[in-house]
Amino acid sequence: MSFDTTVDQSEVAKFEAMAAEWWDPDGKFKPLHMLNPCRLDYITRQISTEFDRPLGQDMPFKGLRILDIGCGGGLLCEPMARLGAEVVGADAAAGNIPVAQIHAEQSGLEIDYRHTTAEDLAEAGELFDVVLNMEVVEHVSDPLSYLTACSALLRPGGLHVCSTLNRNPKSYVVAIIGAEQVMRWLPKGTHEWSKFITPDELYDLLEKAGLDPVDRKGFVFNPLTWSWRLSDRDLSVNYVTASLKPDPRPT
């Protein structure tokens, strides 16, 4: 199967310009550093449940091959590697890769970082047990084609975790006006509100891409405690989904 690229070069340029700051908790990626514990909580629990890997045991993800698409500086790759997984981190922004590689080496971790795309990996026939697709789908030129490539990268029974931003007046106020203009957590223009995707739209896209959505949760920020939490009900701004690749083999 052939896949056309969905990389939006203008979007890639935004993140390449910030590449050196990936591991600065007070830099331009401060929002991701703040959100990361909440993201990891969701991701690890989903993997643990779907693959029957109790998190309390040593190296619970050993034997699983995990792909992080849009890996940036490796904020998710490194925890997955520490849990024992074989990790591939892929990013369309070339400048992110050496930053991620150097930090992994300094941390004593073996992670396969590549300057590549989901489409190129799918055309090469790569397969994974888990595909992490966090805060990327709102930056591509064709979400359905992109998610179809992500689906092709999963083995039957594999897990796809995808997070993005809802599209409504509240998300515009919080993510565009609040995060970019008032708090200045992100450079102006990092996000385009028109590219945000509602949960129902994302479920529809995932199904059209050949995946079976099984869960969705909201990431909710509490300005009083300055922390994030998962919510079953509030998906109004940031949210995350879990989907499975159907396994046609008899059980």
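The values are calculated or read from the model by the stated rules, or taken from the named source; none is laboratory data. Computed from a prediction, not measured in an experiment: that's the story for all the values here. Reconstructed Cβ throughout: ideal geometry from the backbone, glycine too, with neighbour counts over all protein chains shown. Just the protein is used for accessible areas: all its heavy atoms, side chains included, with ligands, DNA and RNA removed. Shrake-Rupley method; radii C 1.70, N 1.55, O 1.52, S 1.80 Å.
Give all pairs with beta carbons closer than 8 Å in which a residue from the range 193-209 that is on the phi > 0 side of the Ramachandran plot meets a residue that is surrounded by fewer than 16 Cβ atoms within 10 Å (Cβ to Cβ) and assigned to a helix (DSSP H, G or I); count only pairs at least 6 apart in sequence or on separate chains.
That search, which allows pairs on different chains as well, returns nothing.
For Leu165, are the conditions met, namely being crowded, with 23+ Cβ neighbours inside 10 Å, closer than 15 Å to Ile69 by Cβ and not acidic (Asp, Glu)?
no
Hey, Leu40 hits all of (1) in contact with a Lys or Arg (Cβ under 9 Å, 6 or more places away or on another chain); (2) in contact (Cβ under 8 Å) with a residue 24 or more places away in the chain; (3) surrounded by fewer than 16 Cβ atoms within 10 Å (Cβ to Cβ) but one; which does it fall short on?
All conditions are met except number (1).
If a residue must be farther than 29 Å from Glu21 by Cβ and not charged (D, E, K, R), how many such residues does the range 102-155 contain?
10
Okay, residues lined up against (1) charged (D, E, K, R); (2) under 19 Å from Cys162 (Cβ atoms); (3) at pLDDT 95 or above:
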position	(1), (2), (3)
His191	no, yes, no
Leu206	no, yes, yes
Pro213	no, yes, yes
Gly218	no, yes, yes
Asn222	no, no, no
Ser231	no, yes, yes
Leu235	no, yes, yes
Val240	no, yes, yes
Pro248	no, no, no
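From the residues in the range 216-233 that are crowded, with 16+ Cβ neighbours inside 10 Å and not basic (Lys, Arg), which one is nearest to Ser48 (Cα to Cα)?
Filtering first and then ranking leaves Leu230.
Identify, please: which residue in the range 54-69 is in contact with a strand residue (DSSP E or B) (Cβ under 8 Å, 6 or more places away or on another chain) and open to solvent by less than 30 Å² (accessible area, probe 1.4 Å) and is, among those, farthest from His115 (Cα to Cα)?
Leu64
Regarding His160, is this residue modelled with pLDDT under 95, surrounded by 22 or more Cβ atoms within 10 Å (Cβ to Cβ) and not hydrophobic (A, V, I, L, M, F, W, C)?
It is false that His160 is modelled with pLDDT under 95, surrounded by 22 or more Cβ atoms within 10 Å (Cβ to Cβ) and not hydrophobic (A, V, I, L, M, F, W, C).
Taking interchain pairs and intrachain pairs at least six residues apart, which have beta carbon atoms under 6 angstrom, with the first residue in the range 94-123 and touching a residue at least 24 places away in the same chain (Cβ under 8 Å) and the second outside any loop (DSSP other than H, G, I, E, B) and open to solvent by 30 Å² or more (accessible area, probe 1.4 Å)?
From residues that are touching a residue at least 24 places away in the same chain (Cβ under 8 Å), the pairs are Ala94/His115; Gly95/Glu16; Tyr113/Gln101; Ala122/Ala152.
Looking at the range 138-147, which of its residues are outside any loop (DSSP other than H, G, I, E, B) and modelled with pLDDT under 95?
Glu138, His139
Which helices (runs of 4 or more DSSP H) does the range 74-137 wholly contain that include 2 or more residues that are at pLDDT 95 or above, out of contact with any His (no Cβ under 7 Å at 6 or more places or on another chain) and surrounded by fewer than 22 Cβ atoms within 10 Å (Cβ to Cβ)?
77-82, 118-123
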